[in-house]
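*Asks:* One structure, pasted below without further comment.
The values are calculated or read from the model by the stated rules, or taken from the named source; none is laboratory data. Model, not experiment: these values are computed from the prediction. Glycine gets a Cβ as well: all are built from the backbone with ideal geometry, and neighbour counts include every protein chain shown. We work out accessible area using only protein heavy atoms, side chains counted, and drop any ligands, DNA or RNA first. Shrake-Rupley method; radii C 1.70, N 1.55, O 1.52, S 1.80 Å.
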Amino acid sequence: MPPSESAQCRADMGEVGAAAGDILRALGAVPPLFGDRTWHGAAADQWAADWYARYGRLVRLLHDVLAEQPHLIARQEDAERRTVAL
C-alpha cells in the first residue's frame with residue numbers, strides 16, 4: 001500500500017527543509033571570504049554589496065518556505081480527513 005498523501009507531504013517537506021538548511025549553511029560560509037585577503041577595491045565592495053542584497057532576499061525566502069511547511073502539511077491532513085469522512 002502506498003503512503004498516504006499526508007505522509008508523502010510530510011516526507012517531501014522534510015526533504016525541502018533539509019535542502020533549505022544545506023543552502024543556508026552554504027550561504028553562511030561565503031561572508032568570511034569577503035575582505036582584503038581575497039579581493040579588494042571598489043569592484044569588490046560593489047560585488048559584496050550586491051551579494052548581501054541578494055543574500056538577504058534569499059535567506060528570507062528560505063525562512064518563509066520553512067515557516068510555511070507546517071501549514072502545507074496541516075492543509076493536506078485536513079483534506080485527507082475530509083475525504084475519509086465522506
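*Asks:* Consider only pairs whose beta carbons are under 7 Å apart and that are at least six residues apart or on different chains; among these, list those whose first residue lies in the range 60-85 and is within 30 Å of residue 28 (Cβ to Cβ) and whose second residue is among the basic types (Lys, Arg) and assigned to a helix (DSSP H, G or I).
*Replies:* Between residues of the range 60-85 that are within 30 Å of residue 28 (Cβ to Cβ) and residues that are among the basic types (Lys, Arg) and assigned to a helix (DSSP H, G or I), the close pairs are 73/10.
*Asks:* Of all residues in the range 62-86, how many are surrounded by 12 or more Cβ atoms within 10 Å (Cβ to Cβ) and farther than 20 Å from residue 7 by Cα?
*Replies:* Looking only at that region, the number is 2.
*Asks:* Further question: Looking at the range 48-60, is at least one residue under 30 Å from residue 7 (Cα atoms) and surrounded by fewer than 13 Cβ atoms within 10 Å (Cβ to Cβ)?
*Replies:* There is at least one residue in the range 48-60 that is under 30 Å from residue 7 (Cα atoms) and surrounded by fewer than 13 Cβ atoms within 10 Å (Cβ to Cβ).
*Asks:* Something else now. Looking only at the range 3-30, how many residues end up being assigned to a helix (DSSP H, G or I), without any contact (Cβ under 8 Å) to a residue 12 or more places away in the chain and over 30 Å from residue 80 (Cβ atoms)?
*Replies:* Residues that pass the stated criteria total 3.
*Asks:* Among the small types (Gly, Ala, Ser), assigned to a helix (DSSP H, G or I) and open to solvent by less than 50 Å² (accessible area, probe 1.4 Å), is that true of residue 43?
*Replies:* no
*Asks:* All but one of (1) loosely packed, with under 13 Cβ neighbours inside 10 Å; (2) at negative phi; (3) modelled with pLDDT under 95 hold for residue 15; state the number of the condition that does not hold.
*Replies:* (3)
*Asks:* Still on this structure: Counting only residues that are assigned to a loop (DSSP other than H, G, I, E, B) and either open to solvent by less than 60 Å² (accessible area, probe 1.4 Å) or in contact with a Phe, Trp or Tyr (Cβ under 8 Å, 6 or more places away or on another chain) (or both), how many does the range 31-40 have?
*Replies:* Number satisfying all stated conditions: 3.
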